[in-house]
């Protein structure tokens, strides 16, 4: 065994002509640096100074010593890992187009009382739902609107937010999550609202999409590489947007907006922890998208059957 340790001397014992090259409050760190210098033939001294430890070398050794210590420091520095950006899914626009078609078709059918049925009465969400168990209304109510302005507003925001969600997790998965989040939001709303009240509109789905985006951005693999403040930023931003856009208007169903956002956020957080490659297969996207459309169609079919 060879003793490679360096003796530690005091400031008074240090030769005056030596120059300082390194300082640390940890002796092992200084000893590691002196081993590096010894390996290239540079003699050094560890001096106790100011509550820590300093390494000194002769003036003629200083340039070479600085060079070697700098190279070691660069090699020891961890390589920064780039943020893992989630891949954008192709054909993200298809779900938004189908969303617009469904809303406009149902609005047309309701406007002309197609099949001689009052579609608003057949499909609106109401406070009697917990006792009547007409649970299909949590879906049918999403496609009904009070007037053109109501419809246009939900079309614009729903198309944009649905498209962004589709870019993140794929169109089929995104819209399946939006529909599920909106249905859960309406279900919670039905338990809250008075029995005599009713509610219609896709705004619950719009805020479910906003929650989905916020929750997914908060919990995704890419967010795991960010500092805590940056990870929480999407979620905080979503809550602020909910507060600014979802709390106004005399006839606004605020509870539905909040429950839709919370439900969507929970689903987004779950999807954010799923590996992105699991969303890649076309079969997964088609199955998820078809199931969401089928759920809405089945809800309306059952509702219209009950109304005849």
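None of the figures in this text is laboratory data; all of them are computed from the coordinates on show. Values in this document were obtained by computation on a predicted structure and should not be read as measured data. We place every Cβ from the backbone using ideal geometry, glycine too, and count neighbours over all the protein chains shown.
Miscellaneous remarks
- Cβ crowding within 10 Å averaged over residues, with 49-59, 122-132, 275-285 ranked highest first: 122-132, 49-59, 275-285
- All C-alpha to C-alpha distances of the range 99-193, sorted into 10 Å bins beginning at zero, yield P(r) values of 15, 42, 35, 8, 0 percent in whole numbers.
- Residue 49-residue 16 FRET efficiency (beta carbon distance; Förster radius 22 Å; 0.05 resolution): 0.95
- Sorting the Cα pairs of the range 8-76 by distance into bins of 10 Å, from 0 upward, gives 22, 57, 20, 1 percent per bin.
- Rounded if a/c under 1.5, otherwise prolate or oblate - the range 145-224, Cα gyration tensor axes: oblate
- Average projected area [Cα convex hull, the range 93-307], square nanometres: 11.6
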